[in-house]
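**Student:** Quick one: the structure is below, and I'll ask about it shortly.
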Amino acid sequence: MQSQVEEEHMSEQNKPEILKMEVEALSKNEEFARVAVAVFLARLNPTLEEVDDVKTAVSEAVTNAVIHGYQGKGGMIYLEVEVMDQEFTITIRDIGIGIPDIKQAMEPLYTTDPDGERTGMGFSFMEAFMDQVEVQSVPGEGTAVTMKKKISG
C-alpha cells in the first residue's frame with residue numbers, strides 16, 4: 001500500500017509539462033519557434049538527431065501557417081508543447097484560411113503556390129521526422145497540426 005505522500009509524488013511525476021506560446025505569423029518567427037521548442041525539448045535529454053528532427057518539423061509547420069494559412073497577410077500562430085514520459089507532442093495552430101482537402105494537401109509535391117516557389121514537401125518532411133502527424137482543418141477557420149515523437153533520452 002502506498003502512502004498519500006508517495007501517491008502525490010507519483011501523480012506529480014505523471015503530469016505533463018506544457019509550454020504555450022504564440023507568435024506573429026511572420027517568416028522571421030519560424031526560427032524563434034524552432035529554438036524555443038528545442039530548448040523545451042532539452043528536458044528529455046534527446047539526441048542531436050532527435051532535436052534536428054523536431055526543429056525541422058516545427059519549421060515546416062510554422063512555415064505552412066505563415067505561407068498557406070495566412071497567405072502572408074499576418075495573424076497569430078499558436079504553439080502548445082507537451083512532454084511526458086519521454087513523449088514530445090506539439091500542436092501548431094493558425095486561424096487562417098484552412099485546408100479544403102487535407103488528404104490532397106499531404107501528398108508529396110502538392111502545393112497551392114501559384115508561383116511554384118514552394119516544393120510541396122512540408123507535410124512529407126513532418127511525417128518523415130516525427131512518429132505521428134495529425135492534421136485538423138476547417139476551411140475559413142484554420143488548421144491545427146499535432147505531431148508526436150518518442151524521445152530516446
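The values are calculated or read from the model by the stated rules, or taken from the named source; none is laboratory data. Values in this document were obtained by computation on a predicted structure and should not be read as measured data. Note that we place each Cβ from the backbone using ideal geometry, even for glycine, and neighbour counts take in every protein chain shown.
**Student:** Report, ordered by the first and then the second residue, all pairs with beta carbons closer than 8 Å, sequence separation of six or more or different chains, a first member in the stretch 1-27 that is under 21 Å from residue 85 (Cα atoms) and part of a helix (DSSP H, G or I), and a second member that is modelled with pLDDT under 65 and not small (Gly, Ala, Ser).
**Tutor:** Going by the 8 Å Cβ cut-off, the qualifying pairs are 10/2.
**Student:** Additional query: Kindly list, by first and then second residue, each pair from a residue in the stretch 132-153 that is modelled with pLDDT under 95 to a residue that is assigned to a loop (DSSP other than H, G, I, E, B) and of a type in the set (Asp, Glu), limited to pairs with Cβ atoms under 6 Å and residues at least 6 apart or on different chains.
**Tutor:** The qualifying pairs do not exist here.
**Student:** Also, I was wondering about something else. Determine, yes or no, whether residue 71 is in contact (Cβ under 8 Å) with a residue 24 or more places away in the chain and over 21 Å from residue 105 (Cα atoms).
**Tutor:** Criteria not met by residue 71.
**Student:** Has the stretch 62-74 got any residue that is modelled with pLDDT of 95 or more and touching a Leu at 6+ places or on another chain (Cβ under 9 Å)?
**Tutor:** Yes; the residues of the stretch 62-74 include at least one that is modelled with pLDDT of 95 or more and touching a Leu at 6+ places or on another chain (Cβ under 9 Å).
**Student:** Does the stretch 67-79 contain at least one residue that is β-branched (Val, Ile, Thr) and not in a helix (DSSP H, G or I)? Please lay out each step first, then the result.
**Tutor:** Let us first name the residues in the stretch 67-79 that are β-branched (Val, Ile, Thr), namely 67, 77.
Next, from what is left, pick out any that are not in a helix (DSSP H, G or I): 77.
Scanning the stretch 67-79 turns up at least one residue that is β-branched (Val, Ile, Thr) and not in a helix (DSSP H, G or I).
**Student:** Which members of the stretch 29-69 meet the condition of being of a type in the set (S, T, N, Q) and on the phi < 0 side of the Ramachandran plot?
**Tutor:** Once the filter is applied, which keeps residues that are of a type in the set (S, T, N, Q) and on the phi < 0 side of the Ramachandran plot, the stretch 29-69 yields 29, 47, 56, 59, 63, 64.
**Student:** Can I ask one more? Taking the stretch 88-126 as the region of interest, how many residues are at pLDDT below 95 and under 23 Å from residue 153 (Cβ atoms)?
**Tutor:** Residues that pass the stated criteria total 1.
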